[in-house]
Structures are given as structure tokens and as C-alpha cells.
Amino acid sequence: MDIKVLEPGFSICHAIYPRDMAELKAQGFRSIICHRQPGEAEDHIDDSELRQAAAAEGIEWVEIPVTPGEYTTEAIEAFGAAIERLPTPILGFCRSGRRAVSLWVHNQAKQQSCDIGQLLQAAHAAGHDLHAEKDSFIKN
């Protein structure tokens, strides 16, 4: 797993599997947010297997599925609410981590004192160049 810290308490990762849960628990993760759509790809197993594996390790599981590039107001608000209520540290994941980082940037951009440039730098440091989407973050 290639886990990237975006801020204290929130990290992102590419696809995870039930066999990864013990390691995630050992790394201290207390919550996981899945951004994959059910059945989106052959390598994406049934969410119930992931949810059960997380529960077996005492990790809270939340699903906020989004289609790549389609970050609705509802998804951004659900993400913000999850970040506020879930125990940290939290791991957000999707196939590549891009949806997780994009939702994080959208949510952070809603804050009055955020610096979009710093958010985009954090995303870039995590392996995702979101500069082409900069305008979408500003209007949300």
C-alpha cells in the first residue's frame, strides 16, 4: 500500500483489500472511507467483504461512492460530515487515490481561510496533479 498523508488525521491510498486491514489497524487507522462505485471494476471486490474485514479489526467503515471527476455537492458534504464525525486517523481510498484527494480538496476549499495553492501542493505531493481542476475547487 502506498499511503500518503494529506494532513494530520487524514491520508489517502489506492485500492485496498481485506488482507490489508490488519496492517491498516497496525498503522493506527481507526476509520476508512471508500470512494469506489460498487462493481466499478473487476479488481474491486464486493464492498461487504471490505466492510466485514474492517469491522473485524475494529475500523469504522463509510462508503461515499463517486464517479471519477464528478464531485457533487452531496458527495462533498457527505465527505465533510464523515471527516467531522469519524475517529482519526482516517484513510480515504479509491482505485488510485484521486477521488479521495479531490474530495478532500473540495471539502477544505469550502473553509474560509484555506489556501487553494497549498491544497493543490498537498495533492501533488500525494501523487495527484489537480491544477487543471483548480477552478472547480474555488467555486465550491
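The values are calculated or read from the model by the stated rules, or taken from the named source; none is laboratory data. Just so we're clear, the structure is a prediction, and the values are computed from it rather than from any experiment. FYI the Cβ positions are ideal-geometry reconstructions off the backbone, even for glycines, and counts take in every protein chain you see.
Just for strands (runs of 3 or more DSSP E) wholly inside the stretch 1-80: which have at least 2 residues that are of a type in the set (Asp, Glu)?
It comes to 60-63.
Collect the residues in the stretch 25-37 that are surrounded by 15 or more Cβ atoms within 10 Å (Cβ to Cβ), at pLDDT 95 or above and either under 22 Å from Gly80 (Cα atoms) or among the acidic types (Asp, Glu) (or both), keeping them in residue-number order.
Quick first cut of the stretch 25-37, residues surrounded by 15 or more Cβ atoms within 10 Å (Cβ to Cβ) only: 25, 29-37.
Restricting the remaining residues to those that are at pLDDT 95 or above gives 25, 29-33.
Those that are surrounded by 15 or more Cβ atoms within 10 Å (Cβ to Cβ), at pLDDT 95 or above and either under 22 Å from Gly80 (Cα atoms) or among the acidic types (Asp, Glu) (or both): Phe29, Arg30, Ser31, Ile32, Ile33.
Against the condition in contact with a Ser or Thr (Cβ under 8 Å, 6 or more places away or on another chain), in contact (Cβ under 8 Å) with a residue 12 or more places away in the chain and assigned to a loop (DSSP other than H, G, I, E, B), how does Pro87 come out, does it pass? First the steps, then the outcome.
Values: in contact with a Ser or Thr (Cβ under 8 Å, 6 or more places away or on another chain): yes; in contact (Cβ under 8 Å) with a residue 12 or more places away in the chain: yes; assigned to a loop (DSSP other than H, G, I, E, B): yes.
Here the answer is yes, as Pro87 does meet what is asked.
When you go through (1) farther than 24 Å from Gln121 by Cβ; (2) out of contact with any Phe, Trp or Tyr (no Cβ under 6 Å at 6 or more places or on another chain); (3) modelled with pLDDT of 90 or more one by one for Ala54, which number turns out not to apply?
Result: Ala54 fails condition (2) only.
Could you check, for the stretch 90-110, whether at least one of its residues is modelled with pLDDT of 90 or more, in a loop (DSSP other than H, G, I, E, B) and surrounded by fewer than 17 Cβ atoms within 10 Å (Cβ to Cβ)?
The answer is no, given that none of the residues of the stretch 90-110 is modelled with pLDDT of 90 or more, in a loop (DSSP other than H, G, I, E, B) and surrounded by fewer than 17 Cβ atoms within 10 Å (Cβ to Cβ).
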